[in-house]
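S.K.: Sharing a structure with you now.
The values are calculated or read from the model by the stated rules, or taken from the named source; none is laboratory data. Worth saying up front: this structure is predicted, and the values here are computed from it rather than measured. We place every Cβ from the backbone using ideal geometry, glycine too, and count neighbours over all the protein chains shown. Surface accessibility is based on the protein's heavy atoms, side chains included, excluding ligands, DNA and RNA. Shrake-Rupley method; radii C 1.70, N 1.55, O 1.52, S 1.80 Å.
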Amino acid sequence: YGNPDVKTPNIDVLADNGVLFQRHYNTTAICMASRANVMTGQYEYKTGSNFDHGSLGTKQWSTSYPVLLKKEGYRVGFAGKFGFSVSDTNGVWKKEGEVAKHDFDFYAGSPHQTSYKTIENKSMAKYAKEYPHSTRAYGAASIDFINESVQKGEPFCMSVFFKAPHKPAEPDPVFDSVYKNTVFRKLPNYGREAGEHLAKQSRMGRQYPRFVEWGYDKDETYQEELRKYNQLIYGVDYSIGMVMDELEKLKIDDNTIIIFSSDNGYFNGSHGLGSKVLPYEEGARTPLIIVDPRQKNKDLKTSSLTGNVDITATILDYAGVNIPTIYDGISFAPIVEDPKKQIRRSLPIIQVWGPEETHCLTVMDNQYKYVYWYYKDEERGIYPTEELFDIVNDSYEMVNLASQSEYNSQLTAMRKLYDTQLDHWKNSGVKYNGYEKYGSLFTRNLN
């Protein structure tokens, strides 16, 4: 995405051969909820799945893309961190994927947070000797599944949910030399001073102390953290390269669509924050690259707004499978054909995990982002707050436009989009796992 300090040679090839999406977001920027979003094509308040809330219901799983593809004759495979449980009751933590794995023809997934040590992931043990770090092992597992599918003469869909670059950062030592002498530059919104204009609620969760706890506040430890973080991503890039080479070797690279994305972003010190979760750009915006070898135009970029729920609809669209009406996702295949195409007017970002103070609902259109923080505590001087950012002209979110009178018309328009999104929550959201109350809590109430 243009960062000269970062090396991703294989992902660069994907971008050169496909379409790079510049405004793609996770509608919930945390792994469990986001992976459930991607599998089901539905927003979190319809999956009912996130930490602090509960499992994905069997009804929602029944219309997931792996289940629907298998019904239509595809072989479906999975490797990596599954990330969520499928159950109509809760209390199945650390058994993520145990129910869902039976719907796959090939399963190399592991529960909970998984391990970077291949040998500690039961389903991956046979790859441990040659690939002791799990990131490269997932590439090897993918290759095995693809070869099996080719030998059977059946169409396939392989999903790889990498753990990297999740904390604790334990990069593959094979790549220790890649960033040994790299000095990473800091973004324009780096540091605590660059977060003072944000809502007080944004500093009430773990993201704020982790700026210091994880060493982003000191240059030496900042560089160390960035080296480990990007070394983990380099391992992902290498694994992707393994699969790309195999597709070419099998002569099916011209008949295989590749979609690359991530389950959340990462602050890495922006606005004086660590981790992810919050709706600001570094936490919620993620890469999306799609390569359709049938497309003649290459190396394209689009600023069209898309979300992780759209990945699901796109997979089914390309496979010729009907997209369920329950989906919130919209196929972005038309954007691949015409990068100027717009498929959606707005997109939400949902944050209902962790301390209540940090819970908020966000809505975006093609230019603006509106965030409503409902939490109130008069004794601490915390009141319901709204933020408005011009993402096109202020991508680092350094100016809150909500109180500037010249932006009243834009603020009014974004409030209407927000209210429409909240109405959808009230009408379509699950009535369990604690989601129903947000219909009232997120109702705008500003004095």
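S.K.: Looking at the stretch 41-85, which of its residues are more than 21 Å from Ile240 (Cβ to Cβ) and in contact with a Lys or Arg (Cβ under 8 Å, 6 or more places away or on another chain)?
M.R.: If the condition is that a residue be more than 21 Å from Ile240 (Cβ to Cβ) and in contact with a Lys or Arg (Cβ under 8 Å, 6 or more places away or on another chain), then Gln60, Phe84, Ser85 are the ones that fit.
S.K.: If you don't mind, there's one more thing I want to ask. Restricting the first residue to the stretch 149-178 and requiring it to be closer than 26 Å to His112 by Cα and open to solvent by less than 40 Å² (accessible area, probe 1.4 Å), which pairs with a second residue that is part of a loop (DSSP other than H, G, I, E, B) and among the aromatic types (Phe, Trp, Tyr) meet a Cβ separation below 7 Å and a spacing of at least six or different chains?
M.R.: Correct list of pairs: Cys157/Tyr74; Phe161/Phe82; Lys163/Tyr116.
S.K.: Take the stretch 190-241 and flag every residue that is part of a helix (DSSP H, G or I), under 25 Å from Met398 (Cα atoms) and either in contact with a strand residue (DSSP E or B) (Cβ under 8 Å, 6 or more places away or on another chain) or among the small types (Gly, Ala, Ser) (or both).
M.R.: Residues satisfying the conditions are Ala194, Gly195, Lys200, Gln201, Ser202.
S.K.: Looking at the stretch 279-363, what helices (runs of 4 or more DSSP H) fall wholly within it and have at least 1 residues that are touching a strand residue (DSSP E or B) at 6+ places or on another chain (Cβ under 6 Å), among the small types (Gly, Ala, Ser) and open to solvent by less than 20 Å² (accessible area, probe 1.4 Å)?
M.R.: Values: elements: 281-284, 308-319, 333-337.
Output list reads 281-284.
S.K.: Is it true that some residue in the stretch 219-229 is open to solvent by 40 Å² or more (accessible area, probe 1.4 Å), among the aromatic types (Phe, Trp, Tyr) and modelled with pLDDT of 95 or more?
M.R.: Yes; the residues of the stretch 219-229 include at least one that is open to solvent by 40 Å² or more (accessible area, probe 1.4 Å), among the aromatic types (Phe, Trp, Tyr) and modelled with pLDDT of 95 or more.
S.K.: Only one of Thr47, Thr89 is over 19 Å from the mean Cα position of the chain (by Cα) and either surrounded by 22 or more Cβ atoms within 10 Å (Cβ to Cβ) or within 21 Å of Gly429 (Cβ to Cβ) (or both). Can you tell me which?
M.R.: From the options Thr47, Thr89, the qualifying one is Thr89.
S.K.: Also: Taking the criterion of being open to solvent by 70 Å² or more (accessible area, probe 1.4 Å), within 25 Å of the chain's Cα centre (by Cα) and modelled with pLDDT of 95 or more, would at least one residue in the stretch 240-249 satisfy it?
M.R.: The answer is no, given that none of the residues of the stretch 240-249 is open to solvent by 70 Å² or more (accessible area, probe 1.4 Å), within 25 Å of the chain's Cα centre (by Cα) and modelled with pLDDT of 95 or more.
S.K.: May I pose another question? For the stretch 250-270, how many residues meet the condition of being touching a residue at least 24 places away in the same chain (Cβ under 8 Å) and either open to solvent by 60 Å² or more (accessible area, probe 1.4 Å) or out of contact with any Lys or Arg (no Cβ under 8 Å at 6 or more places or on another chain) (or both)?
M.R.: Total satisfying the criteria: 14.
S.K.: A further question on this structure: Whether any residue in the stretch 44-65 is under 28 Å from Gln295 (Cα atoms) and not polar (S, T, N, Q) is what I want to check.
M.R.: Looking for residues that are under 28 Å from Gln295 (Cα atoms) and not polar (S, T, N, Q), one finds at least one in the stretch 44-65, hence yes.
S.K.: Condition first: outside any strand (DSSP E or B), touching a helix residue (DSSP H, G or I) at 6+ places or on another chain (Cβ under 9 Å), hydrophobic (A, V, I, L, M, F, W, C) and touching a residue at least 60 places away in the same chain (Cβ under 8 Å). Now tell me which residues in the stretch 369-404 satisfy that.
M.R.: Ile391, Met398
S.K.: Glu130 passes all but one of (1) in a loop (DSSP other than H, G, I, E, B); (2) among the acidic types (Asp, Glu); (3) touching a residue at least 40 places away in the same chain (Cβ under 8 Å); which number fails?
M.R.: Unmet for Glu130, out of (1) in a loop (DSSP other than H, G, I, E, B); (2) among the acidic types (Asp, Glu); (3) touching a residue at least 40 places away in the same chain (Cβ under 8 Å): (3).
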